[in-house]
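J.: Structure below; questions to follow.
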Amino acid sequence: MFRLAARAASALALASALALTVTTPALADPPRQPAASDIAGVGAGVTETLFNQFSTDYNASLAAAGDTTSPRLYSWDSTGTPSQIVTKAGATPIVRPDRTDAGLAALNATTSGTVDFVRATRLPNANDLPGNLFVAFAKDAVSWAAPAGGNAPRNLSTHDLSNIYNCRVTNWKQIDPALPDATIVPVLAGRLFVDRWGVTGAPMESSEALLKAIAYPPAGTDGSSDRSCVRVVERGDQGWDALLHDPNAIVPYSVGRFVGQVYGGHSRPGDDPVILTVRGIDGIDPVSSADHALSLSFANTPYGRVLFNVVREADWYSTSATGGLRKVFGPSGWICKSPAAVAAIKSHGFRLLPYGGACGSTLHR
């Protein structure tokens, strides 16, 4: 195990070396109870700090323009207190959704009087309702992270990651004889159950995306091999859990979230990104050394993913006062066109569209 003093010193040195700047501070959760006519969202944790900034900047832009009637934009974090939230005045209380699928469940179980949009990190799938409209706005990628100064190499192949998470490779020397003789600790985040047959349950977004990219077989479908070596933490894309300080641990991590935390100054309570560093896959580094941004080359691999906001199609085309979603999320809306929104997307570590899809474009299942 790491010596904690050494790890703390390493973290402090890295943090001190980074020039972190933040624009107008963004608050977690709405700073006041949103009005019934406001636009309120829930969902994935990967983009929650970005949406807190969007909320701050968008509402400020309306105020600066003297607009007192347009709906304001608000976003609820995926975790926090209380666990049950009233998203806006008169809304049905809901359990705080903690990922894309939980947000979609809330969207589909309520009306625009409770939830207007869901922060999402995946494409539509067969389980989504036909009326769920996925609106693209940026791009992220998922890689793997490991403790700085630990035993993991700088790069693993997709084949390596598949072998590690399927427990076919359990020692670093099986990857490279030059690596230490030490047991690999593969970690996933979420509400998961692990036994010899594999992993089941509800993974957090980055863990789910990595498993999909390495074609992880469903539990019970990989013969008689023992796949119980995988360990589980509750939260992803943070690094605070003591298990992730093990020098042999690896864990899926949003590259954009990492860049935003470490280089954009958007770390939140519970984040500990300086303990972990994201690593390359198939010889491609996820973070560009030139500008400390998500690498375009890496974003265009199967590990890249488009980020969406999901709305009800009926609300999207509504012309009512509470149906102004296109003014915020559409191709000519504030997120896609505003210099403040563009700057926030970059600062939080994500890449701008278009490539692989234009900002404000929509998809169904």
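J.: Over all directions, the average projected area of the alpha-carbon convex hull for segment 75-187 comes to how many nm²? Write out the running numbers ahead of the final one.
T.: Numbers: hull surface 41.3 nm².
Computing the convex hull of the Cα atoms and averaging its projections yields 10.3 nm².
J.: In addition: Which ³J(HN,Hα) values, rounded to whole Hz and listed in residue order, are derived for segment 279-289 from phi using the Karplus coefficients 6.51, -1.76 and 1.60 in 6.51 cos²θ - 1.76 cosθ + 1.60 with θ = phi - 60°, glycine and proline given as x?
T.: Residue by residue, segment 279-289 yields 10, x, 10, 6, x, 10, 6, x, 10, 5, 6 Hz.
J.: Can you work out the accessible area per residue across segment 265-328, with the rest of the protein chains kept in place, probe 1.4 Å, in square angstrom? Can you show the working numbers first?
T.: Details: 2720 Å² over 64 residues.
Dividing the accessible area of segment 265-328 by its residue count gives 42 Å².
J.: Which value, in debye to the nearest 20, describes the size of the charge dipole of the chain about its Cα centre when Lys and Arg Cβ atoms bear +1, Asp and Glu Cβ atoms bear -1, and nothing else is charged?
T.: Working: 30 positive and 30 negative charges, 56 e Å.
Magnitude of the dipole: close to 260 debye.
J.: Rg/Rh for segment 63-117 to two decimals, with Rh computed the Kirkwood way over all alpha-carbon pairs. Let's see the in-between values first.
T.: Details: Rg = 12.8 Å, Rh = 12.3 Å.
My calculation puts Rg/Rh at 1.03.
J.: What net charge do the residues around G43 carry, taking every other residue with its C-beta under 12 Å from that of G43, with Lys and Arg at +1 and Asp and Glu at -1? Intermediate values should be presented prior to the final figure.
T.: On the way: positive: R96, R99, R119, R122; negative: E48, D77, D98, D101, D116, E205.
Overall, the nearby charge balance is -2.
J.: Another question, then. Taking the radius of gyration and the Kirkwood hydrodynamic radius from Cα positions alone, what is the Rg/Rh ratio for segment 295-365, to two decimal places? Mind showing how you got there, number by number?
T.: Values: Rg = 13.5 Å, Rh = 13.4 Å.
Result for segment 295-365 is an Rg/Rh of 1.01.
J.: Return the percentage of antiparallel bridges among DSSP beta bridges fully within the chain, rounded to the nearest 5 %.
T.: Given both bridge residues lie in the chain, the antiparallel proportion sits at roughly 75 percent.
J.: Rounded to the nearest 500 deg cm²/dmol, what is the calculated helix-only ellipticity per residue at 222 nm for the chain, with -39500 (n - 2.57) per DSSP H run of length n ≥ 4?
T.: Working: 12 runs with 96 residues, N = 365.
Helix contribution divided over all residues of the chain: -7000 deg cm²/dmol.
J.: Would you grab the residues whose amide H sits under 5 Å from the one on A141? Only those 5+ places off in sequence or on another chain, please, with H modelled 1.01 Å from N.
T.: Those lying under 5 Å, H to H, from A141 are V255, G256, R305.
J.: Using amide H atoms built 1.01 Å from N in the peptide plane, name the residues 5+ places from A182, or on other chains, whose amide H lies under 5 Å from its own.
T.: W172, K173
J.: In what sequence, largest accessible area first, do R227, R122, R196 appear using a 1.4 Å probe? Can you show the working numbers first?
T.: On the way: R227 0, R122 45, R196 95 Å².
Ranked from most to least accessible, the order is R196, R122, R227.
J.: Cα atoms only: what Rg and Dmax, in Å, come out for segment 158-234?
T.: Here Rg and the maximum Cα pair distance are 12.2, 36 Å.
J.: Want the number for A64 to R365: 0.36 nm per residue separation, take away the alpha-carbon distance, what's left?
T.: On the way: separation 301, 0.36 × 301 = 108.36 nm, distance 3.85 nm.
Between A64 and R365, full extension yields 104.5 nm more.
J.: Next up: Using the scaling law 2.2 N^0.38 Å as the reference, what is the normalised Cα Rg of the chain?
T.: Numbers: Rg = 20.6 Å, N = 365, 2.2 N^0.38 = 20.7 Å.
Rounded to two decimals, the normalised Rg is 0.99.
J.: What list of ³J(HN,Hα) values in whole Hz, one per residue of segment 131-140 in order, does the Karplus curve 6.51 cos²θ - 1.76 cosθ + 1.60 (θ = phi - 60°) give from phi, with Gly and Pro shown as x?
T.: Once θ is set to phi - 60°, the couplings for segment 131-140 become x, 7, 10, 8, 10, 6, 8, 6, 10, 10 Hz.
J.: To continue, here is another question. Scan around A189 for amide H atoms under 5 Å from its own, H built in the peptide plane at 1.01 Å from N, and keep only partners 5 or more places away or cross-chain.
T.: Distant-sequence amide H within range of A189: M204, S207, V233.
J.: Please work out the ratio of the alpha-carbon Rg of segment 98-155 to 2.2 N^0.38 Å and round it to two decimals. Intermediate results must be reported in sequence, preceding the final value.
T.: Numbers: Rg = 16.7 Å, N = 58, 2.2 N^0.38 = 10.3 Å.
So segment 98-155 has a normalised radius of gyration of 1.63.
J.: Counting only protein heavy atoms, what percent of the accessible surface of segment 110-252 is carbon or sulfur at a 1.4 Å probe? Kindly include the intermediate steps, with their values, before the conclusion.
T.: Working: 2950 of 5480 Å².
It is 54 percent, rounded to a whole number.
J.: Along the principal axes of its C-alpha atoms, what lengths does segment 247-322 span, in descending order and rounded to whole Å?
T.: 54, 31, 26
J.: Percent relative contact order of the chain, based on C-alpha pairs within less than 8 angstrom and at least six residues apart? All intermediate terms of the calculation are to be shown ahead of the outcome.
T.: Details: 785 pairs, mean separation 85.6, N = 365.
Relative contact order, the chain: 23 percent.
J.: Given labels modelled 7 Å from the Cα in the Cβ direction, how far is it in nm from Q33 to A242?
T.: So the two model labels end up 4.1 nm from each other.
J.: Using only protein heavy atoms and a 1.4 Å probe, report how much of F329 is accessible, in Å² to the nearest 10.
T.: Near enough 10 Å² of accessible area.
J.: Take every Cα-Cα distance within segment 201-312, group them into 10 Å bins from 0 onward, and report for each bin the whole-number percent of pairs it holds.
T.: The calculated distribution, bin by bin, is 12, 40, 36, 11, 1.
The values are calculated or read from the model by the stated rules, or taken from the named source; none is laboratory data. Only a predicted model underlies this, so the values are computations on that prediction, with no experimental measurement involved. Neighbour counts run over all protein chains shown; Cβ positions are idealised from the backbone, glycine included. Each accessible area value is taken on the protein alone, full model and side chains, heavy atoms only, with ligands, DNA and RNA left out. Shrake-Rupley method; radii C 1.70, N 1.55, O 1.52, S 1.80 Å.
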